Amino acid sequence: MSLAYLDHAATSPMRPGAVAAMLPFLTERYANPEGSHRFARDARRAVDEARDQVADVLGVAPGEVVFTGGGTEGDNTAIAGAGLGRGTVVVTPAAEHHAVLDAVQRTEGRVVPVTATGHVDLDALADALAPRPSGELVRLVSVMAVNNEVGTMTDLAAVSALVRRLAPQAVLHTDAVQAACWIDLRALTPLVDLLSLSAHKFGGPKGAGVLTVRSGTPLRALLAGGGQERERRSGTHNVGGIVATATALAEADAARPVECARVAQLKDRLLDGLTALGGVTETVPRPAAVPGIAHVCFDGVESEALLYLLDEADVCASAASACASGAMEPSHVLAAMGVPAARAAGALRLSFGHTSAEGDVDRTLDAIADAVSRLRRPVGVSR
Amino acid sequence: MKVLLAMSGGVDSSVAGALLQRDGHHVVGVTLKLWGGDSDTGCCSVSDVDDARRVAQQLDIDHLVFNFGDDFRTHVVDPYVADHAAGVTPNPCVECNRHVKFDRLYRRAEQLGFDAVATGHHARVGRTSAGRYTLERGADAAKDQSYVVHMLSQTDLARTLFPVGSIDKAEVRRVAAELGLRTAAKPDSQDVCFITSTGGRETFLGDRIGFRPGRVLDTDGAEVGSVPAVELVTIGQRRGIGLPGGGPKRYVVDVDVPAATVVVGTDADLLDTTLDVGALTWTDTPLADGAAVRVQCSAHGATRPAVLRGHVVEWDTPERRVAPGQSVVFYDPTDTRVLGGATALR
């Protein structure tokens with residue numbers, strides 16, 4: 001039996017169009033676009049066309065598009081490399097992805113709380129943006145567009161207005177890795193200076209991504225080297241990856257209106273079915289989250305055990321993030337939202353994408369019903 | 001059977017997987033993440049998880065990681081610190097087996113539909129003609145680990161497999177090498193997994209409790225020296241108690257943490273005729289009062305004959321005092337079968 005794959009927030013299968021677009025650059029069109037022969041110019045043209053395509057979907061100028069090696073690189077480049085000399089402090093909410101949170105902690109930046117729904121607490125953000133008696137200025141603010149665990153959408157317009165008013169010197173970055181399939185990115189880019197994307201979340205390849213850099217935003221590259229991407233990202237272009245990223249992003253953009261409605265129905269069907277099992281809490285209200293991410297907590301169930309039984313039933317889902325050893329770690333996102341540890345222990349994330357269908361939802365519901373009733377039975381072993 | 005195999009990333013549990021497979025079992029490997037702090041070769045370091053996963057891949061069995069860090073902290077690390085602060089020397093490996101490997105993991109295994117749990121311990125589970133389960137020493141006397149799994153009950157033993165318990169260590173390594181397992185030549189783990197060799201027990205405890213300097217007294221109560229941390233002194237210890245060399249050998253015969261005193265005496269002062277124990281467990285029915293047993297008081301120590309009367313071990317001949325907190329394991333008079341265990345009291 002095939003897998004019921006409801007883990008698109010971890011990664012989505014590549015769109016066939018993106019695979020097809022990529023293949024020639026893994027085979028006959030293998031040149032380095034920096035070269036000075038016609039073969040190189042062919043690769044250069046592919047990168048330039050991909051950049052135009054991405055710029056169009058994002059509503060930015062082609063020169064504002066930097067191709068990266070993925071979301072983590074984009075986040076780190078933004079936080080470590082942007083807004084130099086414009087202050088000292090970096091601010092981010094507590095429910096960010098580790099690629100942002102840990103990068104901010106390296107700068108000894110400030111972490112602000114989130115609300116019970118996972119939204120950045122705007123009052124706390126305002127406090128953090130206010131000038132300090134010490135004269136410290138906020139140089140960068142990073143607020144994710146969509147939370148990767150619970151799916152909460154940030155009101156970036158409100159965040160942007162607050163940052164521009166209270167800390168006009170600050171650079172505003174958003175980790176939009178989970179937004180690409182569900183939110184029109186043209187609406188986000190005018191609100192921020194920097195925006196990070198990861199290609200494999202929208203049907204592109206792993207190890208490829210985009211960072212938009214508003215014209216005039218100072219940026220120091222993370223890696224020293226050949227000065228590609230206008231000195232913003234050294235390293236030979238991943239031509240196939242770049243071309244596939246552009247193709248996948250354009251496809252995701254074109255499909256978005258239809259997909260949002262279709263997937264919202266799948267999510268409702270899933271959440272309604274789960275609610276019927278009893279002892280289930282939806283972590284955030286449905287309208288607060290993107291259609292693609294459903295997050296629930298089961299009473300009296302441990303995520304690790306639930307995931308094993310789902311895996312046995314050929315259902316792919318996830319809980320919190322895993323550490324280097326592969327062990328499940330308690331979710332920092334749920335902790336930041338004030339979800340009690342006992343409830344967070346039964347967390348489950350089910351996430352949808354372009355290949356998700358009703359059959360996946362129904363099989364998943366059956367598997368979860370079986371697993372949860374089994375895990376809620378008392379065990380016999382006692383000492 | 002469907003068997004959940006606890007894989008530490010060492011050679012014993014690697015070979016256990018191969019042997020279970022050879023016997024036709026459906027095996028799933030699991031490595032327990034227990035400790036997030038520093039460790040050298042501890043059971044939860046990332047490189048050990050890598051070894052376990054790679055071996056599982058080589059054997060073509062599924063490999064999982066369970067995070068039991070909360071139970072490990074509650075039942076092993078926190079008591080380890082609290083016991084030392086109270087002058088008790090616990091055995092964290094025994095407590096980990098009691099509360100984590102052979103309790104939480106068993107409950108998880110049952111929930112997930114496994115028929116049995118296997119580990120790489122050198123011990124054997126047997127069966128009497130009456131159908132009772134027995135816990136026997138491992139075939140390799142030098143590697144026997146029945147001491148650290150002594151707390152297993154009939155219910156536990158009924159669903160426990162120790163695949164390498166019936167072969168010796170050389171054979172384990174030979175099988176691993178033959179199968180090309182990457183753990184074939186990996187050294188045995190020696191020490192407590194959450195304590196690093198660089199920092200040692202002193203650093204670990206020093207970060208968590210305030211050491212108290214202690215006075216060293218002789219058996220007549222005269223002060224003969226001092227120690228910087230009374231919590232680090234263990235009964236029977238001879239070195240590191242700040243006494244000048246020469247003269248008769250002197251041993252720690254008592255540690256009183258609340259009073260911050262250490263008493264030293266001769267070998268003879270260390271001898272006791274009885275040992276009080278608590279928290280008794282039995283592999284089968286409790287022993288009759290006055291039963292003759294062989295008693296082992298450390299992981300690889302020799303056994304001594306005694307009679308068990310209630311909560312008191314009556315030595316046949318006077319024996320060295322046992323540090324409170326140590327596991328005291330009762331074997332049958334032939335010294336091959338575990339009958340039960342307990343914890344030494346002050």
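What follows draws every value from the coordinates through simple rules; no lab data is involved. Note that the coordinates shown come from a computational prediction; the quantities given were computed from them, not determined experimentally. Heads up, the Cβs are rebuilt from the backbone with ideal geometry, glycines too, and the neighbour counts pull from every protein chain shown.
What the table shows:
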| item | result |
| --- | --- |
| Helical contribution to [θ] at 222 nm, DSSP H n ≥ 4, -39,500 (n - 2.57), averaged over chain A, rounded to 500 | -12500 deg cm²/dmol |
| Simple spin-label estimate for residue B:289 and residue B:74 in nanometres, 7 Å along Cα-Cβ | 3.7 |
| Distance in nm between pseudo-label sites at residue A:161 and residue B:300 (7 Å out along the Cβ direction from Cα) | 7.2 |
| Total charge dipole magnitude, segment A:35-166, about the Cα centre, Cβ charges on Lys, Arg, Asp, Glu only, Debye to nearest 20 | 520 |
| Whole-number percent relative contact order across chain B, with pairs defined as alpha carbons under 8 Å at least 6 apart | 16 |
| Qualifying aspartates and glutamates (Cα of each under 18 Å from Cα of residue A:267; at least 8 residues distant if same chain) | A:7, A:149, A:259, A:282, A:358, A:360, A:362, A:366 |
| Proxy reagent accessibility, fewest Cβ within 10 Å first, across A:56, A:272 | A:272, A:56 |
| Pairs beyond 22 Å (Cα-Cα), from B:33/B:186; B:2/B:186; B:101/B:143 | B:2/B:186 |
| FRET efficiency, 1/(1 + (r/R0)^6) with R0 51 Å, evaluated for residue A:268 and residue A:223 via beta carbons | 0.70 |
| In sequence order, calculated HN-Hα J values of segment A:366-371 (Karplus, 6.51, -1.76, 1.60; Hz; x Gly/Pro) | 4, 5, 5, 4, 4, 5 |
| Phi to ³J(HN,Hα) by Karplus 6.51 cos²θ - 1.76 cosθ + 1.60 over segment A:13-29, Hz, x for Gly, Pro | x, 5, 6, x, x, 6, 4, 4, 5, 7, 3, x, 7, 8, 10, 6, 9 |
| R0 of 25 Å, Cβ-Cβ distance residue A:355-residue A:277: FRET efficiency to nearest 0.05 | 0.50 |
| Choice from B:224, B:149, B:277 with maximal GNM fluctuation in chain B (Cα, 10 Å cutoff) | B:224 |
| Calculated from backbone phi, Karplus (6.51, -1.76, 1.60) coupling profile of segment A:239-248 in Hz, x at Gly/Pro | 4, x, x, 5, 5, 5, 4, 5, 5, 5 |
| Diffusion constant of chain A at 20 °C, which comes from Stokes-Einstein with the Kirkwood Cα-pair radius and 1.002 mPa s, µm²/s | 99 |
| Unit charges on C-beta of K, R, D, E only; dipole of segment B:2-178, Debye | 460 |
| Given charges at beta-carbon only (K, R positive; D, E negative), |dipole| of segment B:211-266 in Debye | 260 |
